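Below is one structure, written out as structure tokens, with a few remarks after it.
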Amino acid sequence: MTIKTIAILGGAGFVGSCLVAKLNDAGYQVKVIARRRESAKHLILLPNVQVIECNIANTYGLKDAFKGCDAVINLVGILHESGKQTFEAVHHQLPRRLAQLCEALGIKRFIHMSALQASNNAPSQYLQSKAAGEAAVSELNKKLDITIFRPSVIFGRGDSFINLFANLVKFLPVIALAKPDAKFQPIWVEDVAQAFVNALDNTATVGKIYELGGPQIFTLRALVQKVMTVLGKERPIIGLNDRLSMAQAFMMELMPIKLMTRDNVRSMQVDSICSTAIAPELGVEPTALDVVVPEYLLNTDPRSAYDGFRAAAGRAIHLKR
Ligand SMILES: NC(=O)c1ccc[n+]([C@@H]2O[C@H](COP(=O)([O-])OP(=O)(O)OC[C@H]3O[C@@H](n4cnc5c(N)ncnc54)[C@H](OP(=O)(O)O)[C@@H]3O)[C@@H](O)[C@H]2O)c1
């Protein structure tokens with residue numbers, strides 16, 4: 001494989017922004033395909049990056065955008081359904097269409113983002129739809145050079161997991177925690193992005209599905225406790241049983257901003273932990289959460305003052321350390 005130009009969908013998101021920066025630094029030409037140019041404007045200044053505004057439902061637009069590309073990376077994903085944005089459409093039908101388009105255009109390399117514990121028998125629609133997406137993409141395994149990644153929860157500057165708990169700890173006197181004993185193996189966004197970059201041109205990764213997890217396993221309660229320790233705040237944690245966890249999520253679904261849904265609670269019924277260590281051919285030694293989280297929760301990076309300005313301007317948070 002000799003890859004020079006890569007189209008990336010979902011490139012303006014949390015993982016995408018980190019990956020695009022790494023691909024840019026590695027000298028690849030990167031086409032970020034975004035539904036709103038505005039959401040990718042933090043990437044425009046990168047010298048090897050071109051942002052293309054395109055609705056992913058528009059196959060002609062995608063065909064045009066994919067012209068001259070040697071690889072396609074799909075990171076598009078949602079945690080909650082809303083309107084036409086269903087798990088079926090985003091996690092199953094979209095990757096199927098993208099893989100078929102790659103085949104039609106003769107683009108061999110396709111890298112797809114799934115999620116740890118994706119399975120047809122998973123308890124949540126999120127995980128079931130991720131499994132359906134993997135299966136749809138894998139149907140073209142003989143025709144395309146496909147690699148699929150399944151990370152546990154991903155942390156890093158701008159994440160929506162650790163930061164969510166940090167905000168709850170800052171503003172609530174007591175934390176009522178759904179599924180407190182659910183287990184996670186959090187992995188740093190830079191390690192996830194590095195695994196993608198290292199896999200891109202490595203034939204040993206073709207046809208493989210890789211789990212990605214960090215060096216430590218935490219219960220949700222332990223993670224929230226860690227966030228409190230970093231912030232120097234002590235709050236009582238009330239662990240909710242399964243029935244109350246679902247009731248809390250139901251109440252949250254009624255709020256204008258969805259922090260958590262019942263489907264998210266169902267996802268936590270299976271522990272998000274890897275069955276093996278990160279495969280050696282990915283060349284990633286995962287970084288511990290303790291090394292990274294204090295830096296962004298306490299804003300010890302001198303450039304972090306700009307994050308507040310970016311957030312206020314509706315721009316993505318700068319991800320590089
Ligand atoms: N973060 C985690 O802990 C985690 C763990 C396991 C797996 N994953 C998977 O990793 C991938 C990236 O996650 P992330 O954390 O970077 O999420 P994110 O920040 O929400 O980014 C998702 C990206 O997908 C795009 N997108 C969503 N729906 C779309 C649609 N209907 N049409 C076009 N674009 C759409 C978003 O575009 P806009 O910018 O326009 O909204 C954004 O660029 C997802 O597939 C996710 O399921 C994430």
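The values are calculated or read from the model by the stated rules, or taken from the named source; none is laboratory data. What you see is a predicted model, and the numbers here were worked out from it, not measured in a lab. Here the Cβ positions follow ideal geometry from the backbone for every residue, glycine too, while neighbour counts run over all protein chains shown.
Brief remarks follow.
- Residues (small (Gly, Ala, Ser) and in contact (Cβ under 8 Å) with a residue 40 or more places away in the chain) located in segment 47-78: 65, 68, 71, 77
- Subset tally (residues that are surrounded by 24 or more Cβ atoms within 10 Å (Cβ to Cβ), within 14 Å of the ligand (Cβ to nearest atom), closer than 23 Å to residue 155 by Cα and among the aliphatic types (A, V, I, L, M)) for segment 16-33: 3
- Residues considered: 9, 23. Of these, the only one that is out of contact with any Ser or Thr (no Cβ under 8 Å at 6 or more places or on another chain) and under 21 Å from residue 138 (Cα atoms) is 9.
- Every condition in (1) within 20 Å of the chain's Cα centre (by Cα); (2) surrounded by 18 or more Cβ atoms within 10 Å (Cβ to Cβ); (3) over 30 Å from residue 262 (Cα atoms) is met by residue 76 except one, and the failing one is (3).
- Residues (touching a strand residue (DSSP E or B) at 6+ places or on another chain (Cβ under 7 Å) and farther than 15 Å from residue 10 by Cα) located in segment 45-71: 48, 68, 69, 70
- Pick from segment 127-163, criterion out of contact with any Phe, Trp or Tyr (no Cβ under 8 Å at 6 or more places or on another chain) and at pLDDT below 95, ranking: surrounded by the most Cβ atoms within 10 Å (Cβ to Cβ): 141
- Residue pairs meeting the criteria (Cβ under 6 Å; at least 6 apart or on separate chains; first among the polar types (S, T, N, Q), in segment 264-282; second in a helix (DSSP H, G or I) and surrounded by 17 or more Cβ atoms within 10 Å (Cβ to Cβ)): 267/126; 267/127
- Residue 113 falls short on exactly one of the conditions (1) within 11 Å of the ligand (Cβ to nearest atom); (2) surrounded by 15 or more Cβ atoms within 10 Å (Cβ to Cβ); (3) more than 16 Å from residue 132 (Cβ to Cβ), and that condition is (3).
- The set of residues in segment 34-66 that are polar (S, T, N, Q), surrounded by fewer than 17 Cβ atoms within 10 Å (Cβ to Cβ) and part of a helix (DSSP H, G or I) contains only 59.
- Across segment 11-39, the qualifying residues are those that are among the hydrophobic types (A, V, I, L, M, F, W, C) and touching a residue at least 40 places away in the same chain (Cβ under 8 Å), and the one among them that is nearest to residue 56 (Cα to Cα) is 12.
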